[in-house]
Amino acid sequence: MKRKIEIEIDEFSGTEELNNKDSELIEYSMKAAENAYSPYSNFSVGVALRLKSGKIVCGSNRENAAFPSGSCAEDTAISYASAAHPDDPIVSMAISAKKNQNFTTYPVSPCGNCRQIIAEEEDRHGKKIKIILYGSEKIEVINGISSLLPLRFSKDKLKG
Ligand code: THU
């Protein structure tokens, strides 16, 4: 037997095609990328989270001379949001990235570890997170982490 899994991605060619809230969130993520500390990769990632209350929380990547000690922008933003606003679920998130001085033309998708972290936030609050990936030539919008992380490890698997 073979099972196929389909994922759905909405594609846009610029922020003017998005609703105001989503394009505003991208702007916040672009500003957050300016605050990255990424002297080793020169790849500066910014993330903006919109919480259910309307609050916007941002984060950027932090690197370290001992490379594995760095943290991704998604992880930084989510850790901050869940520590400071534990009962305020994340509704949507925007991700932008700059290589040296330029925003990438292609949308930057979260790394595997960050996908798992996003999945945990969805499970914790029982609500899908809208994921908005910015590129200057293409924007991708994905409704929920399951499209980016099918067959994921989750708490039900811990039961044995
Ligand atoms: N990075 C992120 O912040 N988010 C991702 O999803 C992918 C990668 C960071 C980690 C590192 O500081 C730099 O980008 C290059 O990998």
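For this structure, a couple of remarks:
- Among the residues making up region 127-155, those that are closer than 21 Å to residue 88 by Cβ and open to solvent by less than 70 Å² (accessible area, probe 1.4 Å) are 129, 130, 131, 132, 144, 145.
- Leading residue by the ranking (farthest from residue 35 (Cα to Cα)) among those in region 80-98 that are of a type in the set (Ser, Thr, Tyr) and open to solvent by 20 Å² or more (accessible area, probe 1.4 Å): 82
- Whenever a residue of region 32-44 is free of Cβ contacts under 8 Å to residues at least 40 places away in the same chain and aromatic (Phe, Trp, Tyr), its partners that are crowded, with 19+ Cβ neighbours inside 10 Å and outside any loop (DSSP other than H, G, I, E, B), lying with C-beta atoms within less than 8 angstrom and at least six residues away or across chains, give the pairs 37/60.
- A single member of 72, 111 is in contact with a strand residue (DSSP E or B) (Cβ under 9 Å, 6 or more places away or on another chain), hydrophobic (A, V, I, L, M, F, W, C) and farther than 22 Å from residue 24 by Cβ, and it is 72.
- None of 72, 58 is surrounded by 16 or more Cβ atoms within 10 Å (Cβ to Cβ) and farther than 22 Å from residue 138 by Cβ except 58.
- Within region 135-160, being assigned to a loop (DSSP other than H, G, I, E, B) and within 19 Å of residue 45 (Cα to Cα) holds for 135, 136, 137, 138, 148.
Condition check ((1) open to solvent by 50 Å² or more (accessible area, probe 1.4 Å); (2) in contact with a strand residue (DSSP E or B) (Cβ under 8 Å, 6 or more places away or on another chain)) across all residues:
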site	(1), (2)
52	yes, yes
64	yes, no
78	no, yes
100	yes, no
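The values are calculated or read from the model by the stated rules, or taken from the named source; none is laboratory data. These numbers were taken from a predicted model, which means no experiment stands behind them. Methodologically, a virtual Cβ is constructed for each residue, glycine included, from the backbone with ideal geometry; neighbour enumeration extends over all protein chains shown. For the accessible areas, the whole protein counts, side chains as well, though only heavy atoms, and no ligand, DNA or RNA atoms are used. Shrake-Rupley method; radii C 1.70, N 1.55, O 1.52, S 1.80 Å.
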